[in-house]
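The block underneath contains the structure these notes are about, expressed in structure tokens.
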Amino acid sequence: MDIRRALRAFGVAGVVLTCWAVGSGAPALAGQAGPERTGEAAAAAAAAPELQVSGNRLVTESGDTFRPLGVNRSGGEFGCVQGKEIFDGPVDQAAVDAMKTWHVNTVRVPLNEECWLGTEGVPAGGPGAAEYQQAVEDYANLLVANGINVILDLHWSRGEYTGPGAGCPDVAATCQKPMPDLQYAPEFWSQVATAFKGNDAVIFDLFNEPYPDAANNWSDATAAWTCLRDGGTCAGIGYEVAGMQTLVDAVRATGATNVIMTGGLEWTNNLSQWLDYRPDDPTGNLMASWHSYNFNGCVTTSCWDGTIGTVAAQVPVQIGETGQDTCAHDYIDQVMNWADAHGVGYTAWTWNPWGCTGGSVLIADWNGTPTSTYGEGFRDHLLTQNPGDGTDPDPGTAACRVAVGIQSWGTGLTETLSLTNTGTTAVNGWSLAFDLPEGQTITNGWNATYSPGSGHVTATHAAYNATLAPGATLSLGFQATHTGNAGAPTGFTLNGSPCTTS
């Protein structure tokens, strides 16, 4: 993510970007990530599943649906070109253990094209290509050994660009450019694919946030989508561009079958024509990348339903980045609830302790202490999703009872749900799912977040009631309208386990 406070809303021409030069904390590199070097915690954990695309889902080797849910770990894109250590902070077993307390199952790792290749853009005294490549491979292998999938993202690339949305005047890979360059990007992906070929727990995100539409001043959407797919000479961009088809071809030429992510326009917030301009992938392992911040253009459920939902009905969609330019979590709550209801995964920006004054910073320290309240809100929601980090209890062993009380009048009703943990262990982070009768629509609720408002609904805990002790009862509920059926919900499940009703 680059700072994009002025990211244009639909129909507004022009945007100003500033180059994000950030990072703090005690630097450390991960050791070799083989079994002898990953530590007891990694050795005890199951390795992350290998993934492939099946219809509009990611699935594991056993055919189970998998949603990547986790965080971005920034550093690899900027540290090497800013005189810092490669990851500008720890990437060892303790750092991974901190992520696992949040039930992270996927980490997106932004990379720098020139640092990987060791080209002229790396400053004197910076890491060489071999050192950088080894550090990236070690960190990815450590995450996978701990049961965490990895998304490798080409974040910063080479190419001089000073047009609309420019983040820096440098030809070197020191900021986000509008498109990947033909000079180095295909070779970057050829080498990365060769390094991770055979490890399908790793996903390739071909380019962070394309904006060829800004480069041509939003004058020709067709030309921008064509540039995204085909590359070449693109209006407003002074270097030869590598399109997504070229990068897909570079990956597949190595024999790698890893799942590939490609984005859309407007810093990949716009997927309106993604299906028409998606590159061809002979393996079928292609998914869409979407980024969603509160300062983007597509920020409403109607936009998500009409564009992102259309794509998600045909191919898997991953929210590679989400966040908001405040330290609250009201916007990401909406994004996550929508994504949960549509089978879409998400990795939030960012697992770096940079202070949350500018927003989108999840942690206050490398131990995983969440920021207030952005990090707290994301962590609490993530815990309800039980992505599975090797330490979660089997959700099928949960025991619960729900008592339902209904008061109705005219076309309105109030339903009170008394949820009791009848098991012998605490439930840390709960989601209560149920089916509303046809014609009922929730208008407001209490003690939980309800999404969607009709049909199959999930009530997700609030920050203050995430833990339900053995024998404890929690009251929650909602008001709704109905079209004639004021009956009770059915099919209650707590974190996926059926509940008895009374």
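What follows is calculated from the coordinates using simple rules that are stated; it is not laboratory data. Not measured: the values here are computed from a predicted model. In this analysis, Cβ positions are derived from the backbone assuming ideal geometry, glycine residues included, and neighbour counts consider all displayed protein chains.
Which order do the peptides 206-215, 48-57, 235-244 take when ranked by the mean count of other beta-carbon atoms within 10 Å per residue, highest first?
In descending order of packing, they fall as 206-215, 235-244, 48-57.
³J(HN,Hα) across region 451-456 via Karplus (A = 6.51, B = -1.76, C = 1.60, θ = phi - 60°), whole Hz, x for Gly/Pro?
7, x, x, 8, x, 8
What 222 nm value per residue comes from the helices of the chain, counting each DSSP H run with n ≥ 4 as -39,500 (n - 2.57) and dividing by all residues, nearest 500 deg cm²/dmol?
-6000 deg cm²/dmol
If you average the sequence gap of Cα pairs under 8 Å that are 6 or more apart and divide by the length of the chain, what percent do you get for the contact order?
13
What does the highest-first list of 187-197, 270-280 look like by mean Cβ count within 10 Å?
Averaged packing, sorted descending, gives the order 187-197, 270-280.
If I take R0 = 35 Å and measure r between the Cβ atoms of Gln183 and Asp64 in this structure, what FRET efficiency does the formula 1/(1 + (r/R0)^6) give, to the nearest 0.05?
Approximately 0.30, to the nearest 0.05.
Under 5 Å between amide H atoms, partner at least 5 residues away or on a different chain: which partners does Gly243 have, H built in plane at 1.01 Å?
Gly231, Gly232
For His456 and Ala223, calculate 0.36 nm times their separation in residues minus their Cα-Cα distance, and state this gained length in nm to one decimal.
79.8 nm
For Glu131 and Asp435, compute 0.36 nm times the residue count separating them, minus their Cα-Cα distance, and round to one decimal in nm.
Roughly 104.1 nm would be gained on extension.
Quick one: dipole size for region 39-385, taken about the Cα centre, charges +1 on Lys/Arg Cβ and -1 on Asp/Glu Cβ, in debye to the nearest 20.
360
Taking a ≥ b ≥ c as the square roots of the eigenvalues of the Cα gyration tensor of region 71-112, is the shape rounded (a/c under 1.5), prolate (a/b larger than b/c) or oblate?
Oblate, because a/c is 1.5 or more while a/b does not exceed b/c.
Report the residues of region 268-306 in range of a label on Ala313: point 7 Å along Cα→C-beta, backbone N strictly under 18 Å from it.
Of the residues in region 268-306, 271-278, 288, 301-306 have backbone N under 18 Å from the label point off Ala313.
Is region 211-311 rounded, prolate or oblate when judged by the Cα gyration tensor, a ≥ b ≥ c being the square roots of its eigenvalues, rounded requiring a/c under 1.5 and prolate requiring a/b larger than b/c?
oblate
Taking the Cβ-Cβ separation of Thr483 and Trp446 as r and a Förster radius of 30 Å, what is the calculated FRET efficiency to the nearest 0.05?
The computed FRET efficiency comes out at 0.80.
Per residue of region 148-165, what does 6.51 cos²θ - 1.76 cosθ + 1.60 with θ = phi - 60° give for ³J(HN,Hα)? Whole Hz please, x for Gly and Pro, Karplus curve as stated.
10, 6, 10, 10, 8, 10, 6, 9, 10, 9, 8, x, 6, 8, 10, x, x, x
Assuming a ≥ b ≥ c are the square roots of the Cα gyration tensor eigenvalues, decide whether region 395-501 counts as rounded (a/c under 1.5), prolate (otherwise, with a/b larger than b/c) or oblate.
Prolate.
Would you tally the net charge around Leu152, using a Cβ to Cβ cut-off of less than 9 Å, leaving Leu152 out, and scoring K and R as +1, D and E as -1?
-1
For a bin width of 20 Å, list the pair-distance distribution of the chain built from all Cα-Cα distances, rounded to whole %.
24, 56, 19, 1
Tally Lys/Arg at +1 and Asp/Glu at -1 over every other residue whose Cβ is under 14 Å from the Cβ of Tyr239; what's the total?
-4
If I stretch the segment between Thr422 and Asn465 completely, what's the gain in nm (0.36 nm per residue apart, minus their alpha carbon distance), one decimal?
Gain on stretching Thr422 to Asn465: 13.8 nm.
Please turn the phi angles of region 234-242 into ³J(HN,Hα) values with the Karplus equation 6.51 cos²θ - 1.76 cosθ + 1.60 (θ = phi - 60°), one per residue in order, whole Hz, x for glycine and proline.
Karplus values, whole Hz, x for Gly and Pro: 10, 4, x, 10, x, 10, 5, 9, 8.
I'd like the antiparallel share, as a percent to the nearest 5, of DSSP beta bridges with both residues in the chain.
Bridges in the chain are about 60 percent antiparallel.
Restricting to Cα pairs below 8 Å that are 6+ residues apart, what does the relative contact order work out to for region 438-484? Please round to a whole percent.
52
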